[in-house]
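The values are calculated or read from the model by the stated rules, or taken from the named source; none is laboratory data. These numbers were taken from a predicted model, which means no experiment stands behind them. Don't worry about glycine lacking a Cβ; one is built from the backbone with ideal geometry, like all the others, and counts go over all protein chains shown.
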Amino acid sequence: MSSKSPDVEALIAQKYRHGFVTDIESDSFPPGLDESVVAAISRKKNEPQFLLDWRLKAFRHWLTMREPVWAHVRFDPIDYQDISYYSAPRAKADAPKSIDEVDPKLLATYEKLGIPLHERARLAGVAVDAVFDSVSVATTFKDKLAKAGVIFCSFSDAVRDHPELIEQYLGSVVPPGDNFYAALNSAVFSDGSFVYVPRGVRCPMELSTYFRINAAKTGQFERTLIVAAEGASVSYLEGCTAPMRDENQLHAAVVELVALDDARIKYSTVQNWYPGDENGVGGIYNFVTKRGECRGRNSKISWTQVETGSAITWKYPSCVLRGEGSVGEFYSVAVTSHRQQADTGTKMIHIGRNTKSTIVAKGISAGRATSAYRGLVKVLPSAEGARNFTQCDSLLMGPHCEAHTFPYMEVRNPSATVEHEASTSKIGEDQLFYCLQRGISAEDAVNMIVSGFCKAVFKELPMEFAVEAQNLLSVSLEGAVG
Amino acid sequence: MLSIVDLQARIAGKTILNGIDLEVRPGEVHAIMGPNGSGKSTLAQVLAGREEYEVTAGRVDFDGRDLLAMPAEERARAGLFLGFQYPVEIPGVNNVYLLKAALNAKRRAAGQPEVDAYEFLALVREKMRIMQMNESFLSRGVNEGFSGGEKKRNEILQMLVLEPKLAILDETDSGLDIDALKVVAQGVNTLRHPERAVVLVTHYQRLLDYVVPDHVHVLARGRIIKSGDRSLALELERRGYDWLLESKVA
Ligand SMILES: Nc1ncnc2c1ncn2[C@@H]1O[C@H](COP(=O)(O)OP(=O)(O)OP(=O)(O)O)[C@@H](O)[C@H]1O
Ligand SMILES: [Mg+2]
């Protein structure tokens, strides 16, 4: 097919809207990593001894590990000694006690990102924890949540105020030595969010964390831990952006979810880290370990992700379905354009009887990007009556991009049903022409076709964010129409 | 309204249109017939602005404008509608959403305000009644899982909502059952108007019983080799194309 026609490729030239830098004084460690750096991070945060020991153990383990090489991504070796492992905006005096004491430059940054933190302008019905480089700068609606018994705070605050919960649950889903990046994170993680929803409580509002990388030459290593006790339910969303820089920055986060009996956790991600420019210069390396454990009977964990950013994405939000009758879900849209690379998918580990999982993964590649779906469905002998349904679809825009699918299945219980459907389609010149012939502009047409393709995933996002995701998608695929 | 002079076009290095001349005036219905592969759909697509086809010679004037210089979406907004021989499926995009986007694109281009939701729904409902389509088609994906006949009906529904000046319908009658054929014909007749014109590409004279053409053309090997009135279609039905093709070779 001739590429002369309404240029699908030109349509995807990407503009990144969150690429500004906030000029703020920060306290940063010099680049480099050894035990003293790990200890210094722990000291900065006045951590209890158990946590320091935990970090050091993870660090020593990390030293023995190597980066995984099986993912379908390529990048130059990362020099871990050339990264600063801690950067925080310099506090005026003590940590701000209320939003009014937060540096106005920081508030302005979040305002610009569309996340107003001020009482009067806040997103209605959504509590936000704002994480800037290595620290949480503000958490909204804390009091209102506390009334309902919900703990929602920065990870550092949680370590200080609820050390027993941290000690009980930290690393209980993703052990420190789980993989190279998780081990690194366990050693040097600086902040993140903590959520605890007690027995029988439905969290009265959406919770969200907004991650922002600002400082150069730093990595962001945050840690999120969400625990829903018996019968509790919570919906949580994270958003991420970073400035445009020529260098690659590492983001290696760990997210752990624990759902006890009858608990429900819905975790949504709108990931829009800086993807690099059209030649593949710069951008975030997003190497993230996310795992939830349905520890209790009839519990449910649902991951929804819309991934449009990052130079390289390496993440597999997974569910360990231990409790009888527990349910795991994974809904994903991954968009790669220019020279972005994504290797993403999920793991569903069926351990309990009658556990059920659903996977719907949509990959969209454009330009010279590659995207791979990698999924594992594992049914252990104990998982009598387990069921899985997997659907993964790829949409290719233009002739130079790639999509790959790597579904792995390991079924060790004969009563299990595992279904897999896959498709790859090209954004049809036919579909595009059809819309043009109806008078619709090429840009609108591409947006329409792509969001149609993603519909099954978007409908899983909390309502407040479905629109945001939709917009993000249009921005990612926006460009000059010839 | 539409004036085609010596139009030549090729694709993949192969010349498909070999010099087409055709004059369509307001209010007229033209039928274009011809053997498989003779270039009928190519002509329709070239007129609609599909850029895969390379126009190598000729001029097309549409309502005083140089049609070939306009991009496809502008041609559509200027009132040219193509009913596709094979309407494409666009999964997940609501039929009604596409329709509204199309209508609004056209209205914006004409400097009119966008249609409001209430007005729009009333309009679509009225047109759906003409096409005897169930409202459930609105919320389904564009042509997604539609039967062959349903897709064709949907094309005519879009045409009725957009009210084009010139509708080129590429085998809209193929694959329709007898009742559906009547419904589609009725849809086309609803659009007829002294200011509008219709070009029907068809293999069957039956459609022409319901939508009576003013002119019938035979397209073969990329040329219009014969034009006539309605009786030509009847003759073709009886005799096929061989007699025309042979006389051309001789
Ligand atoms: N993309 C293409 N590459 C090569 N040849 C093509 C292409 N598109 C069309 N053709 C050729 O052009 C010729 C005309 O095709 P066209 O679809 O216009 O015929 P038609 O008259 O509409 O036929 P039918 O009655 O079967 O619909 C055919 O020989 C077809 O194979
Ligand atoms: Mg044809």
Exercise for the section: Answer with yes or no whether B:GLU235 is assigned to a helix (DSSP H, G or I), within 16 Å of ligand 2 (Cβ to nearest atom) and not aliphatic (A, V, I, L, M). Expected result: no
Handout entry: Every residue from the range A:34-70 that is buried (at least 16 other Cβ atoms within 10 Å of the Cβ) and without any contact (Cβ under 8 Å) to a residue 40 or more places away in the chain
Key = A:SER42, A:LEU52
Problem - Residue count, the range B:210-231 (criterion: away from ligand 1 (no atom under 16 Å from the Cβ) and either touching a residue at least 24 places away in the same chain (Cβ under 8 Å) or within 14 Å of chain A (Cβ to nearest Cβ) (or both)) - result: 6
Practice task
Would you mind telling me which numbered condition in (1) of a type outside the set (Gly, Ala, Ser); (2) touching an Asp or Glu at 6+ places or on another chain (Cβ under 9 Å); (3) part of a strand (DSSP E or B) A:ARG339 fails?
Solution key: (3)
Handout entry: B:ASP179 being surrounded by fewer than 19 Cβ atoms within 10 Å (Cβ to Cβ), of a type outside the set (Gly, Ala, Ser), at pLDDT 90 or above and over 24 Å from B:VAL24 (Cβ atoms)
Key = yes
Exercise for the section: State whether the residues of the range A:168-184 include one that is in contact with a Lys or Arg (Cβ under 8 Å, 6 or more places away or on another chain), modelled with pLDDT under 85 and either assigned to a loop (DSSP other than H, G, I, E, B) or of a type in the set (Asp, Glu) (or both). Expected result: no
Fill in the blank from the handout: Being within 14 Å of chain A (Cβ to nearest Cβ) and within 16 Å of ligand 2 (Cβ to nearest atom) narrows B:GLU163, B:GLU155 down to just B:GLU155
Practice task
Could you tell me whether A:PRO407 is of a type outside the set (Asp, Glu), farther than 20 Å from A:THR304 by Cβ, out of contact with any Leu (no Cβ under 6 Å at 6 or more places or on another chain) and in contact (Cβ under 8 Å) with a residue 24 or more places away in the chain?
Solution key: no
Handout entry: Close pairs (9 angstrom Cβ cut-off, 6 or more residues apart or separate chains): farther than 18 Å from B:ARG10 by Cα in the range B:32-43, β-branched (Val, Ile, Thr) and within 9 Å of ligand 2 (Cβ to nearest atom) anywhere
Key = B:ILE32/B:VAL201; B:MET33/B:VAL201; B:GLY34/B:VAL201
Exercise for the section: Kindly indicate whether A:SER371 is touching a residue at least 12 places away in the same chain (Cβ under 8 Å) and in contact with a Ser or Thr (Cβ under 6 Å, 6 or more places away or on another chain). Expected result: yes
Exercise for the section: For A:GLU429, state whether it is within 13 Å of chain B (Cβ to nearest Cβ) and either surrounded by fewer than 23 Cβ atoms within 10 Å (Cβ to Cβ) or in contact with a Phe, Trp or Tyr (Cβ under 8 Å, 6 or more places away or on another chain) (or both). Expected result: yes
Exercise for the section: Report yes if some residue within the range A:453-461 is part of a strand (DSSP E or B), buried (at least 24 other Cβ atoms within 10 Å of the Cβ), in contact with a strand residue (DSSP E or B) (Cβ under 6 Å, 6 or more places away or on another chain) and among the aliphatic types (A, V, I, L, M); otherwise report no. Expected result: no
Fill in the blank from the handout: How many residues of the range B:14-34 are more than 14 Å from chain A (Cβ to nearest Cβ) and within 7 Å of ligand 1 (Cβ to nearest atom)? The answer is 2
Practice task
Determine, yes or no, whether B:ILE11 is within 14 Å of chain A (Cβ to nearest Cβ) and in contact (Cβ under 8 Å) with a residue 24 or more places away in the chain.
Solution key: yes
Handout entry: Number of positions in the range B:38-50 that are near ligand 1 (Cβ under 7 Å from one of its atoms) and within 15 Å of B:TYR86 (Cβ to Cβ)
Key = 3
Fill in the blank from the handout: Counting only helices (runs of 4 or more DSSP H) wholly inside the range B:35-145, the ones holding at least 3 residues that are away from ligand 2 (no atom under 16 Å from the Cβ), within 12 Å of chain A (Cβ to nearest Cβ) and over 19 Å from the mean Cα position of the chain (by Cα) are B:95-109
